[in-house]
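Trainee: A single structure is presented below for examination.
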Amino acid sequence: MTSLPSGLLGAVDPTSDRAVFRQIADQLREAIEKGRIKESEKLPSEAELVEHFGVSRMTVRNSLSILQGEGLVHSEHGRGVFVRPRPPVRRLASDRFARRHREQGKSAFIVEADTVGSKYEVDSLEVKEEAATQDISARLGSVRRVLARRRRYLLDGRPMETATSYLPLDIARGTPIAQPNPGPGGIYARLEELGHRLDHFEEEVRARMPSPTEVKTLRLASGVPVIHLVRTAYDTKGRAVEVCDTVMAADAYVLSYQLPAN
């Protein structure tokens, strides 16, 4: 057998009802999850795994295919298979929209980036007026046209999420909200300056598999799902003033909530 690091991988059980290629995948997964093979590190080569387990190259490839399908590893042509880095952003649902952040000139995404000490940027920004879909119209109180703000967020150069904000034209047209850069604190700060003091947000969250376009835009590995979040912002008069449709790479976020017990 090849001299893999001591304790990295064990042996397979040929008498087990579990297929050998799945046993190998189980061992590699455990090594990744327990940190024996760390983020961005290279897995043992196909040849090393073939020799260590005494199996065919096709068996090893089937094992690696399972891990790729789970989004745990990615293959680099000519270099090998590596553990995918998964820098989590902890999304504090009860805090990220706090008014104190807007007063400090911080948008919600900046607040999240600050929590992990990472560099953030926005690209693929598009701002335009368009007809509201049936769903967006219903959420905004039967408006027919909206201002749409589409953007993609990157953290340390990695695409993390896409978000599209929809705002009623009677609120947003001709204001800084319609500009590519709405200013410190983002569009929520501008809404409050326009007299729409925010009262609360409602969020709907679900997990699903991504569309082909989302896979490309977020550079998702095979098998990685997305978190689809739709948030509606309401002012103190009860009017819905914005709907934000967000798609996040599920392996990059931890959603954290604080819920009152009374």
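The values are calculated or read from the model by the stated rules, or taken from the named source; none is laboratory data. From a predicted model like this one, the values you see are computed outputs, not experimental measurements. FYI the Cβ positions are ideal-geometry reconstructions off the backbone, even for glycines, and counts take in every protein chain you see. In case anyone asks, the SASA skips ligands and DNA or RNA and just uses the protein heavy atoms, side chains included. Shrake-Rupley method; radii C 1.70, N 1.55, O 1.52, S 1.80 Å.
Trainee: In the chain, what percent of the accessible surface is made up of carbon and sulfur (1.4 Å probe, ligands and nucleic acids excluded)?
Mentor: Working: 6770 of 13900 Å².
Whole-percent figure for carbon plus sulfur exposure: 49.
Trainee: Another question, then. Could you give the C-alpha radius of gyration of the range 113-187 expressed as a fraction of 2.2 N^0.38 Å, taking N as the number of residues it contains? Write down the numbers at each step before the final one.
Mentor: Details: Rg = 14.0 Å, N = 75, 2.2 N^0.38 = 11.3 Å.
Cα-based Rg divided by the globular estimate yields 1.24.
Trainee: Then there is this: Ignoring ligands and nucleic acids, what accessible area does Met160 show with a 1.4 Å probe (Å², nearest 10)?
Mentor: 0
Trainee: Now a separate question. Using a 1.4 angstrom probe, figure out how much accessible area the range 165-262 has per residue, in square angstrom, rounded to the nearest whole.
Mentor: Numbers: 5030 Å² over 98 residues.
Averaged over the residues of the range 165-262, the accessible area is 51 Å².
Trainee: Right, another one. Which one, (1) 46, 18, 16; (2) 35, 19, 15; (3) 39, 19, 15, gives semi-axes √(5λ) of the Cα gyration tensor in Å as derived from the coordinates shown?
Mentor: Structure-derived value, by its label: (1).
Trainee: What aspartates and glutamates could a cross-link reach from Lys216, if we take a straight Cα to Cα line under 20 Å and drop same-chain neighbours fewer than 8 places away?
Mentor: Answer for Lys216, where 20 Å is the Cα cut-off: Glu70, Glu76, Glu121, Asp123, Glu126, Asp156, Glu161, Asp245, Asp251, listed by chain and number.
Trainee: Rank-order 63-74, 175-186 by packing density, defined as the average count of other C-beta atoms within 10 Å over each peptide's residues, highest first. Walk me through the numbers before you get to the answer.
Mentor: Numbers: 63-74: 19.1, 175-186: 16.1.
For the peptides 63-74, 175-186, the packing ranking is 63-74, 175-186.
Trainee: By how many nm would the segment from Ser124 to Asp26 lengthen if fully extended, with 0.36 nm per residue of separation less the alpha-carbon distance? If you can, show how the numbers build up before the last one.
Mentor: Working: separation 98, 0.36 × 98 = 35.28 nm, distance 3.90 nm.
Working it through step by step, the gained length comes to 31.4 nm.
Trainee: Cα convex hull of the range 114-251: mean projected area in nm², to one decimal? Spell out each step's value before the answer.
Mentor: Working: hull surface 34.8 nm².
So the Cα hull casts an average projection of 8.7 nm².
Trainee: For the full complex of protein chains and a 1.4 angstrom probe, list Arg145, Arg206, Arg150 by accessible area with the highest value first. If you can, show how the numbers build up before the last one.
Mentor: Values: Arg145 115, Arg206 135, Arg150 65 Å².
Largest accessible area first, the list is Arg206, Arg145, Arg150.
Trainee: Relative to the compact globular guide of 2.2 N^0.38 Å, what is the alpha carbon radius of gyration of the range 190-251, as a ratio? Please report the intermediate quantities before stating the final value.
Mentor: Details: Rg = 15.3 Å, N = 62, 2.2 N^0.38 = 10.6 Å.
With N residues counted in the range 190-251, Rg over 2.2 N^0.38 Å equals 1.45.
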